[in-house]
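Chemist: Below you'll find the structure I mean.
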Amino acid sequence: MKIAVSACLLGENCKYNGGNNYSKKVRAYTKGHEVILVCPEVLGGLPIPREPVEIVNSIVSLKDGTSVDKEFREGARRALETVKEQNADIVILQSRSPSCGVNAIYDGSFSGKIISGQGVFADLLRKNGIKAIDVEDL
């Protein structure tokens, strides 16, 4: 099986703060399978580290209101291209991310409040009929 994975979950330091979200559960789940690492935010041209963002009124924005929506959507498009080109069977994504949140995201107030919703990449996967799993559901 081919499994695409948010790169941060397997130790890539591509998270907004320059760190990662390494997951032993993801490492164990993907053992023996072909793994395709993707980071839509990096693919969209965003730097590491970068300011935190949230989806505010359907627009991906910095806390000061500056839009990074174009970069997020371009990165999601490129990551989707990779997933399709590599014929990934499933995609495992980082929880609550404005790119990769499958079940929930931050509410756009930058207060830490979580709401039901999907990140830009997770939503694009869904619209293209590609199964995405939140890391917390493994």
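Chemist: Give me the pairs, please: first residue somewhere in region 100-128 and open to solvent by 40 Å² or more (accessible area, probe 1.4 Å), second residue anywhere and aromatic (F, W, Y), beta-carbon distance under 8 Å, and either six or more positions apart or on two chains.
Modeler: Close Cβ pairs (under 8 Å, with a partner that is aromatic (F, W, Y)) amount to G112/Y106; K113/Y106; I114/Y106; I115/Y106.
Chemist: Determine which member of the set E74, E81 is among the acidic types (D, E) and open to solvent by 60 Å² or more (accessible area, probe 1.4 Å).
Modeler: Just one listed residue meets the conditions, E81.
Chemist: Given the options S109, S95, S61, S116, name the one that is among the hydroxyl-bearing types (S, T, Y) and under 22 Å from K25 (Cα atoms).
Modeler: S95
Chemist: Do the conditions hold for V38, that is, is it touching a Leu at 6+ places or on another chain (Cβ under 8 Å), over 13 Å from V120 (Cα atoms) and open to solvent by less than 50 Å² (accessible area, probe 1.4 Å)?
Modeler: So V38 fails the test.
Chemist: Give me the pairs, please: first residue somewhere in region 8-32 and open to solvent by less than 90 Å² (accessible area, probe 1.4 Å), second residue anywhere and part of a loop (DSSP other than H, G, I, E, B) and of a type in the set (K, R), beta-carbon distance under 6 Å, and either six or more positions apart or on two chains.
Modeler: C8/K15
Chemist: Among A79, A28, A88, which is part of a loop (DSSP other than H, G, I, E, B) and small (G, A, S)?
Modeler: A88
Chemist: Of all the residues that make up region 2-13, how many are within 18 Å of V102 (Cβ to Cβ) and out of contact with any Ser or Thr (no Cβ under 6 Å at 6 or more places or on another chain)?
Modeler: 6
Chemist: Return yes or no: is A4 part of a strand (DSSP E or B) and not basic (K, R)?
Modeler: yes
The values are calculated or read from the model by the stated rules, or taken from the named source; none is laboratory data. No experiment lies behind these values; they were computed from the predicted model shown. No Cβ is skipped: glycine too gets one built from the backbone with ideal geometry, and neighbour counts run over all protein chains shown. Quick note on the areas: whole protein, heavy atoms, side chains included, nothing else; ligands and nucleic acids left out. Shrake-Rupley method; radii C 1.70, N 1.55, O 1.52, S 1.80 Å.
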